[in-house]
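The values are calculated or read from the model by the stated rules, or taken from the named source; none is laboratory data. Everything numeric here is computed off the predicted structure, so don't read it as measured data. Cβ placement follows ideal geometry from the backbone for every residue including glycine, while neighbour counts extend to all protein chains displayed.
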Amino acid sequence: MSVALHWFRTDLRVADNPGLSAAQSSGLPVVGLYIATPGQWQAHDDAPIKLDFWRRNLLALEAALQQHGIPLLCIQVNSYRDIPARFEQLLPLLKVAQLHCNAEYPLNERRRDEAVAAVCGRLGVHMQQHLDQVLIEPARLLNKSALPFKVFTPYARAAREMLPPALWLQKIAVQTTVQLPVLPLAKQVSELTFASSNAAWTALWPAGEQHAQQRLTTFCQQRIADYKLQRDFPAIEGTSTISAYLAAGVVSVRQCWQAAQQWQDGAGVFTWQNELLWHDFYKYIAWHFPHICLHKPWKSDVGHVPWRHDQNEFQHWCEGRTGIPLIDAAMQQLLQTGWMHNRLRMIVAMFLTKHLLIDWRWGERWFMQHLVDGDFAANNGGWQWSASTGTDAVPYFRIFNPVTQSQRFDEEGAFIRRYLPQLADLDNATVHAPGLLRPVSYVPPMIDLAFGRERALLAFKRANVFA
Ligand SMILES: Cc1cc2nc3c(=O)[nH]c(=O)nc-3n(C[C@H](O)[C@H](O)[C@H](O)COP(=O)(O)OP(=O)(O)OC[C@H]3O[C@@H](n4cnc5c(N)ncnc54)[C@H](O)[C@@H]3O)c2cc1C
C-alpha cells in the first residue's frame, strides 16, 4: 500500500504542522521521516546545547506521533549532499506516493530541497512544500514596485494588512497504526549522532510541545501586557524565552501570533507581534537576498571596512573577560544557559564589531556555536544589524556605549551580580564599570571606549559606507 511521507526538519511538532496535515489530507497512511545530518550540523556550527534540544524534542515528537498511529522513521547521513541518494532508495522501498515538508529559506536548505524534488520528479513521487516558518509566503510580500522590502517597518505594515484577524491552526487525527517494513538503514533516535547530553540543559530547556505551549500561555497571561515596558531589562523575566522552541519548530509562529491575538489588545501585544515579524523578516531577507547565506554582507559598500582579526582580543570577548561588567555577564549568560537577552545580544555584538572592530562573522559563528535558539536568519540578521552591514541596520555612527547601556538597562546591577558574583559587593554606581571607577579584583577594561568608538567611525568613513 502507498503512503504519504512527511519529512520533519525544523518543525518538530504534531500540532499546527501544515506539511503533516497535508500528508494526512491525502487519505493515504502517513509515515514521518527524520534525517540526522551530523556533518552538516558541524559545518553550520550548530551548538551542542541546540543539538541536544533537538534530540530531546525528537523523542517527544516520536511519542506524540505514536499516539496518532504515525511511525517515525529515523535515518542518518553525513550532510545534505547525501540526502537525495537516500531518497532514491527510500521512496520505492516505502512505496511513497507523496512527500510533504515545510519550506525552509536559507540557501543550503533550498538547494537540498531542490535536489530532493529532482529525485521525486524522476520517480514520479508528488513532492509538496508548505508554508510554515513564516506567517506569509516571502514571494507574496512585495512593495508597490513589486520588489522585496528592504526596511522592516513597511514590511511589517504590509504583513499586518495581509494577515486575517484570526489564523487557522491545523490539527491531525489519529490514524490506524502503520507498521514500517524492516529497513536496514532505519535507526533509533538514541542511535543518531547528536551531542552529549547534560542534565542542566534538560532543566533549562525542557522538551516537547506541551512545554512550549505552557511557556507561551504563561507569557501571555503574565507578561505580554507589560512586554513593551519590560523587554529591555535583562534582570527581569520580561520576554517569552520561546525562541529555542520556535527555532526547532516545537511551536509554530502562527501559534505564537494567535496566542498573543487572544489577549487584550494593547502596546504589549503589538510590540511582541512585531518581534514575531522580525523573526519572519530575517527569513524573508535570507530568501530574497541569498548572498547573505554565503558569509557576505547584505550591503555591498561595506566590503572595504578593515575588519580586525585579532584572535587574542576575540578570545577575551568570547570568555567574558573584557573588563566591561555587563558584557562579561552577558557572555556568561550565553555560556551557562545557551541563551542571551536580546538587549545584551545587541550590546555585545556592537562592542565586538565597533569598539574592537572585529569581523562580525566571528561573532556570528561564536553565537551559533553556543545558542540553544541558534537560527541562521535571525542570527545573521542580528549580527549584520549590529555591524551596520545589514538591511535596515543601525547606522554605523550610532554606537552603543556599553557602560551607559549598563547604567540604563541594569540600573541596580542585578543582572551583572547574578553572573559575576565577584562584583556582588560593589555599590550600584561602581558595578557598571569597576575598572574605570576604582581598583577592584577584576580584569581592567580591554579597551578605552572613546578610542574604540573613534577608530570605528574613522574606519567606516574611510570605507565610504553609507549610513
Ligand atoms: C546579534 C544577535 C543575534 C541573534 N541571534 C538569534 C538567533 O540565533 N536565534 C533567534 O531566534 N534570535 C536571535 N536573535 C534575536 C533575539 O535576540 C532573540 O530572538 C530573543 O532574544 C529571544 O528571546 P525571546 O524568545 O524571549 O524573545 P521575545 O522578546 O519574547 O520575542 C519573541 C520571538 O520573536 C523573535 N524575535 C525577537 N526579537 C527578534 C529579533 N531581533 N530578530 C529576529 N527575531 C526576533 C524570536 O523568535 C523570539 O522568540 C539575535 C539578536 C541579535 C542582536
>> When you scan the range 266-280, do you find a residue that is of a type in the set (Gly, Ala, Ser), within 19 Å of the chain's Cα centre (by Cα) and crowded, with 20+ Cβ neighbours inside 10 Å, even just one?
In response: no
> Are there any pairs, at least 6 apart or on different chains, whose C-beta atoms fall under 7 Å, with the first in the range 339-360 and at pLDDT 95 or above and the second surrounded by fewer than 22 Cβ atoms within 10 Å (Cβ to Cβ) and among the acidic types (Asp, Glu), and if so, which?
Replying inline: 343/232; 356/313; 358/310; 358/313
>> Can you find, within the range 291-305, the residue that is farthest from the ligand (Cβ to nearest atom) among those that are in contact (Cβ under 8 Å) with a residue 24 or more places away in the chain and in contact with a Phe, Trp or Tyr (Cβ under 9 Å, 6 or more places away or on another chain)?
In response: 301
> Can you tell which of 430, 404 is of a type outside the set (A, V, I, L, M), without any contact (Cβ under 8 Å) to a residue 40 or more places away in the chain and within 30 Å of residue 302 (Cβ to Cβ)?
Replying inline: 404
> Any idea which of 100, 68 is farther than 19 Å from residue 187 by Cβ, crowded, with 19+ Cβ neighbours inside 10 Å and over 20 Å from the mean Cα position of the chain (by Cα)?
Replying inline: 100
>> For the range 306-319, which positions are away from the ligand (no atom under 16 Å from the Cβ) and either touching a helix residue (DSSP H, G or I) at 6+ places or on another chain (Cβ under 6 Å) or outside the structural domain of residue 414 (by TED's automatic domain parsing) (or both)?
In response: 306
>> With the requirement that a residue be within 25 Å of residue 71 (Cα to Cα) and assigned to a helix (DSSP H, G or I), what does the range 29-39 give you?
In response: 38
>> Among the listed residues 222, 230, 214, identify the single one that is under 25 Å from residue 371 (Cα atoms), surrounded by fewer than 19 Cβ atoms within 10 Å (Cβ to Cβ), free of Cβ contacts under 8 Å to residues at least 24 places away in the same chain and away from the ligand (no atom under 12 Å from the Cβ).
In response: 214
>> Only one of 88, 161, 104 is part of a helix (DSSP H, G or I), assigned by TED's automatic domain parsing to the domain that holds residue 32 and either modelled with pLDDT of 95 or more or of a type in the set (A, V, I, L, M) (or both). Can you tell me which?
In response: 88
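Okay, residues lined up against (1) touching a Cys at 6+ places or on another chain (Cβ under 9 Å); (2) modelled with pLDDT of 95 or more:
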residue	(1), (2)
170	no, no
179	no, no
218	no, yes
239	no, yes
246	yes, yes
255	no, yes
267	no, no
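One line per residue, one yes/no per condition, for (1) aliphatic (A, V, I, L, M); (2) farther than 15 Å from residue 343 by Cα; (3) part of a helix (DSSP H, G or I):
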residue	(1), (2), (3)
397	no, yes, no
404	no, no, yes
408	no, no, yes
412	no, yes, no
417	no, yes, yes
422	no, yes, yes
425	no, yes, no
428	no, yes, no
> Which one is nearest to residue 347 (Cα to Cα), of the residues in the range 228-259 that are part of a helix (DSSP H, G or I) and charged (D, E, K, R)?
Replying inline: 228
> From the list 261, 332, which one is surrounded by fewer than 21 Cβ atoms within 10 Å (Cβ to Cβ) and more than 30 Å from residue 411 (Cβ to Cβ)?
Replying inline: 261
> If you check residue 117 against the conditions, is it in a helix (DSSP H, G or I), touching a strand residue (DSSP E or B) at 6+ places or on another chain (Cβ under 6 Å), without any contact (Cβ under 8 Å) to a residue 40 or more places away in the chain and not β-branched (Val, Ile, Thr)?
Replying inline: yes
>> Is it the case, given these coordinates, that residue 273 is near the ligand (Cβ under 10 Å from one of its atoms), in contact with a helix residue (DSSP H, G or I) (Cβ under 9 Å, 6 or more places away or on another chain) and not in a loop (DSSP other than H, G, I, E, B)?
In response: yes
> When residues of the range 345-388 are filtered for being within 6 Å of the ligand (Cβ to nearest atom) and not in a helix (DSSP H, G or I), how many remain?
Replying inline: 4
> So which of 372, 443, 394 is closer than 30 Å to residue 110 by Cβ and at pLDDT below 95?
Replying inline: 394
